[in-house]
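Q: Please see the structure below; I have some questions.
The values are calculated or read from the model by the stated rules, or taken from the named source; none is laboratory data. As the structure is a computational prediction, the values presented were derived from the model and not from experiment. Every residue, glycine as well, gets a Cβ built from its backbone with ideal geometry; the counts of neighbours run over all protein chains shown. Side chains are part of the model used for accessible areas, which takes the heavy atoms of the whole protein and leaves out ligands, DNA and RNA. Shrake-Rupley method; radii C 1.70, N 1.55, O 1.52, S 1.80 Å.
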Amino acid sequence: MLYMGTNLKMYKTIAQTIRFLEELHALTSDIDRENLKLFVIPSYTSLESARKCVPESSISLGAQNMCWESEGQFTGEISPLMLKETGVEIIEIGHSERRHVFGESDKDANRKVRAAMEHGFTALLCIGETKEQKESGISDEILSIQLKSALLGVQDIEKLWIGYEPVWAIGVNGIPASAAYADEKHAVIKSVLESLYGERGTKVPLLYGGSVNPRNATELIVQAHIDGLFIGRSAWDAKAFNGIIRDVIKTQSVQ
Ligand code: PGA
């Protein structure tokens, strides 16, 4: 299975999200979903309308964050029950911007992964080292700590995906990881998951994110340990995203 998705971050109004989804659905409708898991993670406010405008069988939807509690005195938070109501399938947890702009910890990620699993969502857990950590040569240790902390007490990993998103590679100032580097880190992630869960751990889909663009997508996807791409800026135009998806599928099919 090929996983291709985009996080819309704090971009696109409800109307813009609907236009984007309808266009993406129309452009990709001939692509067999047996082999492609296509997903979009829009703003909270767009979720309900988004779910109504395109079929789930074509595009899965996710939320960018979630509180671990079902209800309570948590002003500004959105609960699993509220998200269930909108029909989303995926919960993105621990994105670099959540960790580094809003101070979320590995402990928060753990509570959220556990809540996502309890409520039957797919948890897309994002991890990645900072530039300083990379330069200090401790990336593998950091990835291992982030994974082990976020997965503490988690037994059921059937609906777990991992997004490897090095902090230094994300966003307008990001420098994309080379395909070889990304693959090496995916191999590290796979081995940590195997150490935690045995054979089951090796089946968890691993997605790369961080300045994926039309030029590097195909090189990334052919790497042995990369199962999908999680894209920001380069996927926010439906035609551009469709182009990347088709290039990736074409490249995979000639491998
Ligand atoms: P980018 O974002 O592709 O714009 O670097 C990736 C992400 O934050 O997931």
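Q: First compute the accessible area of segment 87-226 with a 1.4 Å probe, then give the percent of it belonging to carbon and sulfur atoms. Working shown, then result.
A: Details: 2970 of 5840 Å².
For segment 87-226, the apolar C and S fraction of the accessible surface comes to 51 percent.
Q: Right, something else. Convex hull over the Cα atoms of segment 1-42, averaged projected area in nm²? Kindly include the intermediate steps, with their values, before the conclusion.
A: Values: hull surface 11.6 nm².
Quarter of the Cα hull surface area: 2.9 nm².
Q: Mind jotting down the three principal axis lengths of segment 192-255 based on Cα atoms? Whole angstrom, largest first.
A: Between the extreme Cα coordinates on each principal axis of segment 192-255 lie 40, 26, 15 Å.
Q: How much solvent-accessible surface does C126 expose, in Å² to the nearest 10, with a 1.4 Å probe and all protein chains in place?
A: 0 Å²
Q: Now for a different question. Kirkwood hydrodynamic radius of segment 143-218 from all distinct Cα pairs, in Å? Walk me through the numbers before you get to the answer.
A: Values: mean 1/r = 0.0757 Å⁻¹.
By the Kirkwood definition, the hydrodynamic radius is 13.2 Å.
Q: May I ask for the net charge around I18, where only other residues with Cβ less than 14 Å from the Cβ of I18 are counted and Lys, Arg are +1 while Asp, Glu are -1?
A: Working: positive: K12, R19, R51, K52; negative: E22, E23, E48.
Charge balance in the 14 Å sphere: +1.
Q: Per 10 Å bin, what percent of the C-alpha pairs of segment 87-219 does each bin hold, from zero upward?
A: Cα pair-distance distribution for segment 87-219, in percent: 13, 46, 34, 7, 0.
Q: Leaving out same-chain residues fewer than 8 places away, which lysines sit with a Cα under 22 Å from that of K239?
A: Within reach: K9, K12, K37, K52, K250.
Q: If the elastic network links every pair of Cα atoms under 10 Å, which of I175, I189, I226 fluctuates the most in the Gaussian network model of the chain?
A: Taking springs between Cα atoms under 10 Å, the residue moving most is I175.
Q: Using a 1.4 Å probe, what is the accessible area per residue for the chain, in Å²? Working shown, then result.
A: Details: 11620 Å² over 255 residues.
I get 46 Å² per residue for this part.
Q: I've got another one for you. Compute the orientation-averaged projected area for segment 19-122 from the convex hull of its Cα atoms and round it to one decimal in nm². If you can, show how the numbers build up before the last one.
A: Details: hull surface 29.0 nm².
That works out to 7.3 nm².
Q: Let me ask you something else. What value in Å³ per residue do you get for the convex hull of the alpha-carbon atoms in the chain? Intermediate results must be reported in sequence, preceding the final value.
A: Working: hull volume 30.4 nm³, N = 255.
Enclosed volume per residue, from the Cα hull, is 119 Å³.
Q: Kindly provide the GluC sites (Glu not before Pro) of segment 148-255 that DSSP labels as loop, not H, G, I, E or B, and whose Cβ sees at most 14 other Cβ atoms within 10 Å. Working shown, then result.
A: Values: sites: E158, E184, E194, E199, E219; in loops: E158.
Qualifying residues, ordered by number: E158.
Q: A further question on this structure: Grab the DSSP H runs of the chain that are 4 residues or longer, score each as -39,500 (n - 2.57), total them, divide by all residues and round the 222 nm result to the nearest 500 deg cm²/dmol.
A: On the way: 10 runs with 104 residues, N = 255.
When only DSSP H runs of four or more count, the value is -12000 deg cm²/dmol.
Q: Where in segment 1-108 are there GluC sites (Glu not before Pro) that are in a DSSP coil and have at most 15 other Cβ atoms within 10 angstrom of their Cβ?
A: On the way: sites: E22, E23, E34, E48, E56, E69, E71, E77, E85, E89, E92, E97, E104; in loops: E34, E56, E69, E71, E77, E89, E104.
Here the GluC sites (Glu not before Pro) that fit, given the DSSP loop and packing criteria, are E34, E56, E69, E71, E77.
Q: To continue, here is another question. Measure off 7 Å from each Cα along the Cα-to-Cβ vector at T251 and V172, then give the distance between these two points in nanometres to one decimal.
A: Result: 2.6 nm between the two label points.
Q: From the Cα trace of segment 32-77, what convex hull volume per residue do you get, rounded to a whole Å³?
A: So the per-residue hull volume is 94 Å³.
Q: Within segment 200-236, report the trypsin sites (Lys or Arg not before Pro) that DSSP leaves as loop and that have at most 15 other Cβ atoms within 10 Å. Don't skip to the end; give the middle numbers.
A: Details: sites: R200, K203, R215, R233; in loops: R215.
Those that pass, being in a loop and sparsely packed, are R215.
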